[in-house]
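Shown next, in C-alpha cells, is the structure this report addresses.
Throughout, read-outs are computed from the coordinates displayed, never taken from laboratory work. Keep in mind it's a predicted model, so treat the numbers as computed, not measured. Every residue, glycine among them, receives a Cβ derived from its backbone with ideal geometry; neighbour counts consider all protein chains shown.
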Amino acid sequence: MHKRIALAAVAVVAAAGLGLALSPTTQFVIGGAMVNLGFRMQDHLEAFDLDHKHPDPKAVYDSVIEHNHLSAGVRQMFPRTPRHPLVAMVVCMDARIDTEELVGDTRKYYYVIRTAGSALADKELDMLELAVANGVETILLTRHTDCAAERVAANPQLRGQYPHLVAAIDQRDAIDKALLARPTIAAKLGAGALTIRHMHIDTTTDAMREVAGSK
C-alpha cells in the first residue's frame, strides 16, 4: 500500500513541478481538473464501495476507517497551507453535491454547513454569525435540483411521516430572512463588508446560478 502512495506522490510532485512554469489561472484550472480526475479514478473501484453488499454496519464502519487511513497517509506526505475561510456555504446533505467539485478548489477557503434541504435552524444562524464575526465575507445559501427533502414536503402522504423535516423546509424562507437580522450580519451587510447570495445547484453538472433574494 505504501508503494502505491509513493507512486501517487511522484506523479503529484511531477505535476507540481510542471505547474511552476504555468500561469496561476492555468495552474488553478489544471489543479481543479486533477481533483476531478481523482474522483473519476476512484469512481469505478468496486473493491472500495460502501454499499449494501457489506455484511453488517460494522463492516461499513471498518471500511470508512480504512479509507481514512489511506487518505491521511497521503495528506501526511503533502502538508497543506493553513488558510482561513472567507466563504460560508449552506448545502444540502445530498451526497451528489461535493463542495470541492462545486468550486474546483480544495484550499479550504470554505466553511460548509450541510443540512437536509439546506434548511437552517437557530444554531446554524449562530454558526453563520460567528463565521462572519471571524472574517467570512460571503455566504452562499444553496438549494438544488431533485431534492428529496423538498419532495417529502410537497407530498401530502409523506408530510405526516417526517414532520420535523417538513417544518424545516416550510420555514426555510423565513429563517433565511432572519439571518439578515442578526446584528453582526446586518452591520456587515450595511457596511458593504458582506454579501449573501441565494444559489441553485444543478446536481448533474455542479453548475451554480444565482437566484432572487441575494444581498
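Observations on the model:
- P(r) of segment 50-92 over all Cα-Cα pairs, binned every 5 Å from zero, in whole percent: 5, 17, 13, 12, 16, 20, 11, 6, 1
- Three principal axis lengths of the chain [C-alpha, angstrom, descending]: 53, 49, 27
- Cross-link partners of K123 among aspartates and glutamates (Cα-Cα below 19 Å; sequence separation of 8 or more within a chain): D170, D173, D176
- Relative exposure of R80, R151, R197, judged by other C-beta atoms within 10 Å (fewest first): R80, R151, R197
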